[in-house]
Amino acid sequence: MNNLISPAVALRPYNAAQTRMDAATTRYKELSGEGIDPKKLRRIEESAKELESVFLSEMMKPMFEGIEVNEIFGGGRGEEVFRDMMVQEYGKKMTQAGGIGLASFVRNELIRQQQGNE
């Protein structure tokens, strides 16, 4: 009885691993922006973070709408204007701290689109 394994059968695990490795390499290149102009990549990252910041600010606005202005500390229209600015800054800080993952999703999608168009 012959217990030898054919080379094709013996190489199946290697070939499968190589295919997975190639797919992972391709995906890494896509996500890292490899092959895209660094200036364009920087603009993509800034735009994605700005979008997440605006999104978070808009989501937080209703939280502050029910809070009345305090006349003891000034109140009035000025406080309302500065409250909007404060909410915008909260959105920026949340994004800088890692955000909710929207910026990375948008960044990856913009990179994918850029690579498909070039």
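The values are calculated or read from the model by the stated rules, or taken from the named source; none is laboratory data. Fair warning: this is a prediction, and the values are worked out from it, not measured in the lab. Backbone-built Cβ (ideal geometry, glycine too); neighbour counts: all protein chains shown.
Among the residues of the range 86-118, which ones are in contact with an Asp or Glu (Cβ under 8 Å, 6 or more places away or on another chain) and polar (S, T, N, Q)? Those that are in contact with an Asp or Glu (Cβ under 8 Å, 6 or more places away or on another chain) and polar (S, T, N, Q): Thr95, Asn108, Gln115.
If you filter the range 58-90 down to residues that are of a type in the set (Val, Ile, Thr) and in contact with a helix residue (DSSP H, G or I) (Cβ under 9 Å, 6 or more places away or on another chain), you find that the one that is nearest to Leu102 (Cα to Cα) is Val87. If you check Ser32 against the conditions, is it of a type in the set (S, T, N, Q) and modelled with pLDDT of 90 or more? No, not satisfied. If you go through the range 33-54 and keep only what is of a type outside the set (Ser, Thr, Tyr) and either touching a residue at least 60 places away in the same chain (Cβ under 8 Å) or on the phi > 0 side of the Ramachandran plot (or both), you end up with Gly33, Gly35, Ile36, Lys40, Leu41, Ile44, Glu45, Ala48.
Here's the yes/no breakdown for (1) of a type in the set (Lys, Arg); (2) over 15 Å from Glu109 (Cβ atoms); (3) in contact with an Asp or Glu (Cβ under 7 Å, 6 or more places away or on another chain); (4) at pLDDT below 80:
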position	(1), (2), (3), (4)
Leu41	no, no, no, no
Ser47	no, no, no, no
Ser57	no, yes, no, no
Glu65	no, yes, no, no
Glu71	no, yes, no, yes
Arg77	yes, yes, no, yes
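Looking across the range 71-95, the residues that are surrounded by 11 or more Cβ atoms within 10 Å (Cβ to Cβ), closer than 18 Å to Met59 by Cα and of a type outside the set (Ser, Thr, Tyr) come down to Glu80, Phe82, Arg83, Asp84, Met86, Val87, Gln88, Glu89, Gly91, Lys92, Lys93, Met94. Contact map, the range 55-72: first residue in contact (Cβ under 8 Å) with a residue 60 or more places away in the chain, second residue surrounded by 12 or more Cβ atoms within 10 Å (Cβ to Cβ) and part of a helix (DSSP H, G or I), Cβ cut-off under 7 Å, separation 6 or more or different chains; the map is empty.
Would you be able to say whether some residue in the range 108-117 is within 30 Å of Pro38 (Cβ to Cβ), at pLDDT below 90 and of a type in the set (Gly, Ala, Ser)? Yes, there is a match, as at least one residue in the range 108-117 is within 30 Å of Pro38 (Cβ to Cβ), at pLDDT below 90 and of a type in the set (Gly, Ala, Ser). Consider Glu52 carefully, then state whether it is at pLDDT 90 or above and out of contact with any Asp or Glu (no Cβ under 9 Å at 6 or more places or on another chain). Yes; evaluated as a whole, the condition is true for this residue. Please verify whether Ile100 is touching a helix residue (DSSP H, G or I) at 6+ places or on another chain (Cβ under 8 Å), outside any helix (DSSP H, G or I), of a type in the set (A, V, I, L, M, F, W, C) and modelled with pLDDT under 90, treating the condition exactly as stated. Criteria not met by Ile100.
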